[in-house]
Amino acid sequence: MAEPITDSYLTIDAPAEAEIKIKGSRFIGLGFPAESVDEAQALLESVRKKEFSATHHCSAWTVGLVDESFKYSDDGEPTGTAGLPIYRVITGRNLKNIIAIVVRYFGGTKLGTGGLTRAYSDATMAMLENAKIVERLICDRVSFTLPFTYYDRLMRIIDADKFAIVKQDFAEDVSMSLEIRKSKTDGFVSRMIELTGGKFAFEKNG
């Protein structure tokens, strides 16, 4: 089972592909970043149309960070020999927001349940060997307005922790929106409350 999400997760940076051949059958492993069920389904349909003459289009996905959704499909292969092995490979690498698809062109020789399980697992692993796996941070967006007198001290905090400034407006006061890694949000708010003597009002959107 994949590890629980804290404030970062692993995924693939871009589509990836690999092909293996076993006893005449071609197994094409495809991987795509996907952030929702709708996106995963659209990618699967796109592969079905592109590889329309394939015997099977087996798949597994895990998408969403707050309400995680997962699904796997054998697409006509014997139950448990395709979708589940693909799913176990991607979750074994603790990947999120990904769909993996293995397209099979049957070569005339049956592989048996054990052979199919290995083939679909190996095709998925080969695809991941060609993929760039990256860590994505999960951030809060914190918005607030402060008197301009706090600006220099605020910028020292922002620079020290490398927070991303999404938006800032200057008038008599400074209005700002920051993206802050979730694990650092409470610490930032505490420092700002201390800095302003308890007069720090903010809005947070996860």
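Considering only I157, P85, T185, the residue lying farthest towards the positive end of the dipole of the chain is P85, judged by Cα position with unit charges set on Cβ. Straight-line reach from K23: taking Cα to Cα under 17 Å and skipping same-chain neighbours fewer than 8 places apart, the lysines in range are K110.
Given their separation in residues at 0.36 nm each and the Cα-Cα distance between them, T79 and A171 gain 26.7 nm when the chain is fully extended. The long axis of helix 151-161 is offset from the longest Cα principal axis of the chain by roughly 30 degrees. Considering only Cα atoms, the convex hull volume of the chain works out to 125 Å³ per residue. Note that region 1-71 presents 57 Å² accessible area per residue, ligands and nucleic acids not counted, probe 1.4 Å. Evaluated with a Cβ-only charge set (Lys, Arg +1; Asp, Glu -1), the chain carries a dipole of roughly 720 debye about its Cα centre, given to the nearest 20. Surface composition of the chain: carbon plus sulfur atoms contribute 49% of the solvent-accessible area (1.4 Å probe, protein chains only, all chains present).
With K and R counted +1 and D and E -1, the other residues having a Cβ less than 14 Å from that of I101 yield a net charge of -2.
Straight-line cross-link reach from K162 at under 21 Å between alpha-carbon atoms covers these lysines, not counting any fewer than eight positions away in the same chain: K182, K184, K204.
Computed from label points 7 Å out along Cα-Cβ, the spacing between V66 and D13 is 2.9 nm. A straight line joining the Cα centroids of region 10-71 and region 88-163 runs 14 Å. Per-residue ellipticity at 222 nm from helix content only, as computed over the chain with -39500 (n - 2.57) for each DSSP H run of at least four residues, stands at -10500 deg cm²/dmol.
The values are calculated or read from the model by the stated rules, or taken from the named source; none is laboratory data. As the structure is a prediction and not an experimental result, all values here were calculated from the model. With ideal geometry, Cβ positions are generated from the backbone for all residues, glycine too; neighbour counts draw on all protein chains shown. With ligands, DNA and RNA removed, areas are computed over all heavy atoms of the protein, side chains included. Shrake-Rupley method; radii C 1.70, N 1.55, O 1.52, S 1.80 Å.
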